[in-house]
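Worksheet: the structure to be examined is printed underneath.
Read the figures in this text as sums done on the coordinates, not as results from a lab. Note that this is a predicted model, so its numbers are computed, not measured. Here the Cβ is made from the backbone with ideal geometry for all residues, glycine too, and neighbour counts use every protein chain on show.
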């Protein structure tokens, strides 16, 4: 019943930050060493799924700038955070080899006997964060990107990945019911028939207004940012699976294991999902490395409390 995982980009250590700043000659080996440490940290906490911490991804879209038809744009603010991303500029029909993510992720560092997960942008968020100079509108671009991401999911599944986390922060701001329906269709095209567990993560804002409209999306569960979404506003909704994002990845204030476990138990009692995972509310990259590590450890201790260990 109780599981846990982290997803997205993990912050770089001070040593790694300095190495990237001066473009150290041993940068690749440092990335590998740092990744191995965070992979081991996840395994030590007994997490259900283990992920590449992606410290070498400057943002969640950066590797996909290699896609044919995309030009590298300027740095832009990543939503309302003090982080930035390189904006993709769509100048032609988007094409790709289908294995950009599986190549960019260090899957060889993940435990051979563990369950692996990977994070991808959902097709709408990808389209929303891009500058479209080719397709008729954002919806048409979204469906084109869904084809590309479907190939990426297939490649990751073939490599042994068991769970895909689709990051959908742009979906939270969408108010149009018809557009939400089309977004659901695009997500279905992305993950249908790929044989992996899929969770759509919604974060940075209160998602309570749109959740009733997307509960029938073709995913195994939703990741809810409970730092910004009040639990009481989700009462009486029927969740298949729920990733409980109670650990705040944008604040160094430390949640105690007991506080985390108590909230997850309350979520389980209130919403009664068939499966519940303990997760951060978004990528941990928004806080310093030492704080992120401690939050992961506290998640592990909370998981032990929940499992009665």
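Some values worked out for this structure:
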| item | result |
| --- | --- |
| Relative contact order (%) - criterion: Cα under 8 Å, at least six apart; region: the range 223-309 | 38 percent |
| Shape metrics for the range 1-55, restricted to C-alpha atoms - Rg then Dmax, Å | 12.9, 46 |
| Average Cα contact separation per residue, the chain, under 8 Å, 6 or more apart, as relative contact order % | 20 percent |
| 222 nm mean residue ellipticity, helices alone, for the chain (DSSP H n ≥ 4; -39,500 (n - 2.57); rounded to 500) | -11500 deg cm²/dmol |
| Of all DSSP beta bridges in the chain, antiparallel share, percent nearest 5 | 20 percent |
| Fluctuation leader among 204, 126, 263 - the chain, Gaussian network, Cα springs under 10 angstrom | 263 |
| Rh (Kirkwood; distinct C-alpha pairs) - the range 53-171, Å | 14.8 Å |
| Protection proxy ranking of 65-77, 245-257 - average other beta-carbon atoms within 10 Å, highest first | 245-257, 65-77 |
| Per-peptide average of other Cβ atoms within 10 Å, ordering 223-229, 117-123 highest first | 117-123, 223-229 |
| Principal axis dimensions, the range 217-304 - Cα atoms, whole angstrom, descending | 37, 25, 21 |
| Centroid-to-centroid separation of the range 1-53 and the range 77-136 [C-alpha atoms, Å] | 18 Å |
| For P(r) over Cα pairs in 20 Å bins from 0, in percent, calculated from these coordinates, the label among [x] 34, 60, 5; [y] 29, 48, 20, 2; [z] 26, 49, 23, 2 | [x] |
| Sequence ranges 167-175, 22-30, 134-142, 78-86, ranked by mean other-Cβ count within 10 angstrom, highest first | 167-175, 134-142, 78-86, 22-30 |
